[in-house]
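The structure appears below as structure tokens.
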Amino acid sequence: MGSAKRFLVVGSLLVAGQSAVMAADYPQSPPPAYYPPPPPVYQPAPPPIVYQSPPIYTPPPPPPVIAPPPPIIVQPAASDSYSGWYLRGDIGLSSQSFSDFGHTQTANFGTFTWPASWTIQQKDLKDTMTFGIGVGYQFNSWLRFDVTGEYRQSTKGKAVGSYTEFCPGGTCFDEYDFDHQASVVLANVYLDLGTWWCFTPFVGVGLGAAYHTFDSMTDLGLVGNQSPGFGYSSGSSHDWTFAYAIHAGVSYDVTRNFKVELAYRYLNLGSPDTGIINCSNSGCGGATGGPQAFYTLNDLTANEFRFGVRWLFDCCDVAPPPPPPVYQPVFQTPPLMRRG
């Protein structure tokens with residue numbers, strides 16, 4: 001065992017010596033070339049770090065609130081809303097005229113013949129005011145009927161006639177003066193032509209009767225500058241005539257049951273007769289005197305502008321529709337947002 005160790009040591013020394021001898025036999029390599037290190041490159045310092053605060057959170061706007069559409073309200077039928085009884089009142093301005101002043105002799109036919117040249121030269125009847133009331137029924141939104149009565153104020157009337165027979169001055173005149181008053185009763189039917197912005201145009205017709213009263217009837221005979229005759233009626237006289245009317249106008253709905261109207265009316269009051277005029281001096285009356293006669297206002301007509309009101313009793317019996325529901329707006333709170 002000891003000899004083996006000695007053998008290993010001797011062998012190692014021999015190998016080491018041989019390696020040194022072999023190294024001495026090789027040529028030596030030159031030293032490495034010196035290269036200076038590159039100059040340092042300046043790097044700029046990084047910018048300072050700026051602290052930025054986090055953005056401020058702005059909540060989004062609330063979503064739009066869409067209201068449901070209003071309910072559809074069905075209005076009651078027009079026939080239910082407009083039928084019913086009503087009262088009316090009217091006031092008007094009437095322009096009156098008559099076409100002729102006819103005469104009818106009533107006495108002394110054997111002693112007096114009416115002059116053949118008799119001519120009415122002038123005739124006039126003053127304007128008057130009218131006041132009326134009535135009651136009617138509205139059947140539906142386009143048809144109504146009423147009965148009216150009116151009082152027409154008394155006005156002055158005049159007529160002048162001329163003749164040439166048995167007249168020493170060539171032409172003689174008779175001047176008639178009288179007061180005329182009338183009351184009229186009419187049954188009327190109207191067509192309402194539709195309503196726009198509360199205005200309702202209408203047309204209508206009426207049939208009825210007129211009651212006439214004549215007062216202060218006189219006849220003044222004029223021959224030149226003299227007055228040879230004077231006649232007068234014994235008192236008031238009255239006469240009934242047929243009357244008819246044509247209406248056109250427009251009404252305005254102040255409320256559902258109160259209406260005002262402005263209208264034009266053409267009124268024909270017939271041909272009323274006056275009372276008999278008697279003579280009162282020596283030239284008239286008796287067996288040899290002048291005639292007695294009454295006179296006729298032929299075709300007495302009036303053109304009128306009228307203002308009226310109507311009050312409907314039963315127009316509003318239909319229950320009004322319920323009011324539409326009221327929707328409260330709904331606001332939704334946006335959700336909370338966290339930072340980071």
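When only residues in the stretch 185-226 that are assigned to a loop (DSSP other than H, G, I, E, B) and out of contact with any Gly (no Cβ under 6 Å at 6 or more places or on another chain) count, which is nearest to residue 115 (Cα to Cα)?
225
Criterion first (surrounded by fewer than 15 Cβ atoms within 10 Å (Cβ to Cβ) and farther than 20 Å from residue 210 by Cα) does residue 258 satisfy it?
Criteria met by residue 258.
Give the number of residues within the stretch 245-279 that are over 18 Å from residue 95 (Cβ atoms) and either among the aromatic types (Phe, Trp, Tyr) or touching a Cys at 6+ places or on another chain (Cβ under 6 Å) (or both).
5
Tell me yes or no: at least one residue of the stretch 78-86 is farther than 28 Å from residue 201 by Cα and within 42 Å of the chain's Cα centre (by Cα). So that I can check it myself, show each step before the final result.
Keep residues of the stretch 78-86 that are farther than 28 Å from residue 201 by Cα, which gives none.
Scanning the stretch 78-86 turns up no residue that is farther than 28 Å from residue 201 by Cα and within 42 Å of the chain's Cα centre (by Cα).
Every number here is computed from the coordinates shown, using simple stated rules; none is lab data. Note that the structure is predicted; figures quoted are calculated from it, not measured. Here Cβ is always computed from backbone atoms with ideal geometry, including for glycine, and neighbour counts include all displayed protein chains.
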